[in-house]
Amino acid sequence: MSLEFDRPLFQTMFCRRTRRFPQGGRLPSRRAGLQYASKEQPVPLTELETAILCFSSNGITGVTVEEIRHLLGHLTVIGRTAASPCASLTLHLFFTNDEGVFYYNAASTEEIIPKERVRIRSVEDRAKILFDYRQNVVKLKEGRIDIPREAIGSAFESMVNLPGTTLFIPIADTTREYINLLFTGLAQFRWRLWDEVEDRPAGVDKWIGSGLLNGPVMTIAQYEAMLPWLCNLEAGMAMQNLSLAATAMGLGSFMMHTIELMTVMKALGMRFEEPKKKSYPRATLNPVGIDGVLEGYCPPYRNPEQAVLEIADIKWGDRGIYAKKGYNLPVPEFYDEIVEATKAFCSYIYENYGRMPKYENAMFIPILAQIHHLDSGFYEKYFPEYLTEIDRNHMAVWHPAGNRNTL
């Protein structure tokens, strides 16, 4: 399949468009003269198509390039197709199609420092995409995710989550980076963590008094405002890769915020925790994870101290990336104090405000993306200039006399 894999990046970028109309779709009313009911039967993505799309957004490419092994920095050394701040891997990819709801779990590898620094070098190595997919995918339940049509924006409800389409659902786990960034900020910038409501240190009085934390004031609100930005950035890059891959393959892509996202999270089986106490007006239900699948570094899965210690263990524990089985770097002199200060801050947040994080959610969906086969009749009629030869030849190349699931 050299044609599909070797399509030039810039040519793909020139052709990238949001193309929403899938096989089986319809425009029930006249919108700029575009009333249309699909005459084509929906064709679902094959296993191979799905594997390539999962890889494009969240696949493992090898080992991060460690030009900087800075103090307490990275949480993993896993390189992905989309960048992750400090390689924290906060993005978790779920998807749903006619067969069920799935989790593409590419969060870990067998070794702390894998032997394959570059995972795919040759044409033969491309087979790892399908191998990884089969290793990583976990089926959560049968059947397409149940999203009520009224939860989908009215402009698109007749195009989204239809038979044959695949809806990709990236979930950001803010709790991993919440703790990891505290390590980095305290070690490098010596933040004086501050409760802006009570106007006092946020559990870190001891370390401010000792002079360890002598840097700029960082309020709870200021700190937590960084988390959605970091996680949105990771998800945005992953979904852009997904869209480019779909374009290169001759598929339609549709990124959206046109679904009530809390409804999607509930349909996935997300656990929502009631705040321990309603201590401020924004103390809302906190989506903390999916039991047994994706569990946040926060209560009820871990108390704040346990969560901090688990993140610390990933760095300098027995199999930590900086420990003897990893890069074998010396433990910083004040490392234990940084861990203790982080534990104190996280415990302060939870004990005083009844949720962790305080303002932001532990888990959230930054964006959704649907990938589908284009309805050729609709685009030939209204937008032929947005169809390339790769689009027109897609079914012949990818679905000749049945599904092709080999690379």
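The values are calculated or read from the model by the stated rules, or taken from the named source; none is laboratory data. Not measured: the values here are computed from a predicted model. Because the Cβ atoms are built from the backbone with ideal geometry, glycine has one as well, and the counts that use them run over all protein chains shown.
Listed by first and then second residue, the pairs with beta-carbon distance under 8 Å, at least 6 apart or on different chains, first residue in the stretch 303-325 and over 13 Å from GLY73 (Cα atoms) and in contact (Cβ under 8 Å) with a residue 24 or more places away in the chain, second of a type in the set (Gly, Ala, Ser) and outside any helix (DSSP H, G or I), are ARG319/GLY326.
Has the stretch 358-376 got any residue that is within 30 Å of GLY24 (Cβ to Cβ), out of contact with any Phe, Trp or Tyr (no Cβ under 8 Å at 6 or more places or on another chain) and in a helix (DSSP H, G or I)? Taking every residue of the stretch 358-376 in turn, at least one turns out to be within 30 Å of GLY24 (Cβ to Cβ), out of contact with any Phe, Trp or Tyr (no Cβ under 8 Å at 6 or more places or on another chain) and in a helix (DSSP H, G or I). Within the stretch 328-350, residues that are under 20 Å from GLY296 (Cβ atoms) have Cβ atoms under 7 Å from residues that are assigned to a helix (DSSP H, G or I) and not hydrophobic (A, V, I, L, M, F, W, C) in these pairs: LYS343/PRO304; LYS343/GLU305; CYS346/PRO304; SER347/PRO304; SER347/GLU305; TYR350/PRO304, counting only partners at least 6 apart in sequence or on another chain. Every listed requirement among (1) of a type outside the set (Asp, Glu); (2) out of contact with any Cys (no Cβ under 6 Å at 6 or more places or on another chain); (3) part of a helix (DSSP H, G or I) is met by LEU193 save one, (3). For the stretch 300-321, the criterion of being buried (at least 19 other Cβ atoms within 10 Å of the Cβ), under 19 Å from ILE220 (Cβ atoms) and not aliphatic (A, V, I, L, M) is met by at least one residue.
A single entry from THR263, THR284 fulfils the requirement of being assigned to a loop (DSSP other than H, G, I, E, B), of a type outside the set (A, V, I, L, M, F, W, C) and within 30 Å of ARG149 (Cβ to Cβ): THR284.
Residue-wise test of (1) in contact (Cβ under 8 Å) with a residue 24 or more places away in the chain; (2) farther than 30 Å from ARG392 by Cβ; (3) surrounded by fewer than 17 Cβ atoms within 10 Å (Cβ to Cβ); (4) within 28 Å of the chain's Cα centre (by Cα).
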site	(1), (2), (3), (4)
LEU181	yes, yes, no, yes
LEU213	yes, yes, no, no
ALA238	yes, no, no, yes
ASN241	yes, no, no, yes
LEU251	yes, no, no, yes
THR263	yes, yes, yes, yes
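Residues of the stretch 215-229 that are under 18 Å from the mean Cα position of the chain (by Cα) and buried (at least 19 other Cβ atoms within 10 Å of the Cβ): LEU227 alone. Of the residues making up the stretch 13-35, those that are surrounded by fewer than 23 Cβ atoms within 10 Å (Cβ to Cβ) and touching an Asp or Glu at 6+ places or on another chain (Cβ under 8 Å) number 1. Checked against the criteria, ASN303 does not count as on the phi > 0 side of the Ramachandran plot and touching a Phe, Trp or Tyr at 6+ places or on another chain (Cβ under 9 Å). Would you check if ARG302 is modelled with pLDDT under 95 and farther than 16 Å from LEU181 by Cα? It is false that ARG302 is modelled with pLDDT under 95 and farther than 16 Å from LEU181 by Cα.
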